[in-house]
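> So that we are looking at the same thing, I have put the structure below in structure tokens.
Values in this text are rule-based calculations from the coordinates and carry no lab data. If you're wondering where the values come from, they're calculated on a predicted model, not measured in any experiment. For neighbour counting, all protein chains shown are included, and Cβ atoms are generated from backbone atoms with ideal geometry for every residue, glycine included.
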Amino acid sequence: MSSSPRPLAVVTGASSGIGADLARELARDGHDLVLAARSVAPMERLAAELAAHGAGAVVNNAGLGAVGRFDQTDPLRISEMLQVNIVALTELTRLLLPGMVARRRGKVMLVASTAAFQPGPRMAVYFATKAYVLSFGEAIAYELRGTGVTVTVLCPGPTATNFQEIAGTSELTFFNTAGRQVMSAAAVARLGYRGLKAGRRVVITGLLNRITALGGRFAPHPISLPVTKALMSRR
Ligand SMILES: NC(=O)c1ccc[n+]([C@@H]2O[C@H](COP(=O)([O-])OP(=O)(O)OC[C@H]3O[C@@H](n4cnc5c(N)ncnc54)[C@H](OP(=O)(O)O)[C@@H]3O)[C@@H](O)[C@H]2O)c1
């Protein structure tokens, strides 16, 4: 086996949505890829598509949400969110970082959300997991300054993927408010990848999402809690 001079990228949640489009960005930019998810067929199709860019892909995947009152949410669903959104993300990052630091080279992207910037009644666990991702990512980005390794936290707003159907959020006021801009996964991936390459600590996709995030971060909770709850309720 000849050793490849091409950089290797691992993408979890690569079977659909933002992960699949991040894989496309990475392949176009000359990376070999390790793609991880549970659904094999879409991953095989993606691997075949990416082969056209000359990227070898190993099919081996993540992020999910759930809407509803916490005490009425399926405990298994809660556990799955914690495992995928927090535990796997943290453990995989811990596994891969030491090698990057030793080589003084590497880039980590953690996908959070604009949900990371405030508590989210009716999606309490999902919002809290994304707050974890943002906090964790910003902290390790700061720790790793000067090591040659950068960490970028990508914070998309509403994006057209399978996420809404799986989380049950399609009918929420938030996704249907007049004028609300739902971005394509390709546009989110493009902005995220640009930020990753530049080594930016936090990337919030689009002006409206930046304003939403700013509001979430600085609005007093007696205001943001009822507003978020109303947005996370059905129309
Ligand atoms: N779409 C939005 O509006 C939005 C907004 C902000 C942030 N995000 C974040 O963006 C990330 C990507 O989501 P997406 O919008 O692209 O949604 P998506 O199309 O549903 O993709 C989610 C990916 O995560 C994988 N996944 C889900 N549950 C998993 C599990 N239990 N174990 C392993 N993998 C699992 C899925 O693969 P398999 O099902 O094949 O395993 C899929 O590849 C997530 O972290 C999400 O929280 C999305």
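> How long is region 112-204 along each principal axis, judged by its Cα atoms, biggest number first, in Å?
45, 27, 21
> State the answer as a single residue: which of S224, P42, L214 lies farthest towards the positive end of the charge dipole of the chain, with beta carbon charges of +1 for Lys and Arg and -1 for Asp and Glu, about the Cα centre.
L214
> What number in nm² do you get for region 127-166 if you take the convex hull of its Cα atoms and divide its surface by four?
Computed as one quarter of the Cα hull surface, the answer is 3.6 nm².
> In addition: Test of the criteria: in region 100-132, which trypsin sites (Lys or Arg not before Pro) are in a DSSP loop and have at most 15 other Cβ atoms within 10 angstrom of their Cβ?
Answer by residue number: R104, R105.
> Quickly rank 77-87, 5-15 as a protection proxy: mean count of other C-beta atoms within 10 Å, highest first.
Most protected by this proxy first, the peptides run 5-15, 77-87.
> Using the 2.2 N^0.38 Å rule of thumb for compact globular proteins, work out how region 156-235 stacks up: its C-alpha Rg over that value, please.
1.19
> Relative to the compact globular guide of 2.2 N^0.38 Å, what is the alpha carbon radius of gyration of the chain, as a ratio?
Relative to the 2.2 N^0.38 Å estimate, the chain comes out at 1.02.
> Fewest first, what order do D32, D71, D21 take by the number of other Cβ atoms within 10 Å?
D71, D32, D21
> In sequence order, what are the phi-derived ³J(HN,Hα) couplings for region 225-230 according to the Karplus relation 6.51 cos²θ - 1.76 cosθ + 1.60 with θ = phi - 60°, rounded to whole Hz, with x for glycine and proline?
5, x, 5, 5, 4, 5
> Ok, one more. Rounded to the nearest 5, what is the percent of antiparallel bridges among the DSSP beta bridges in the chain?
Bridges in the chain that DSSP calls antiparallel: roughly 5 percent.
> Per DSSP H run of at least 4 residues, take -39500 (n - 2.57); add these up for the chain, divide by its residues and hand me the 222 nm value, nearest 500 deg cm²/dmol.
-14500 deg cm²/dmol
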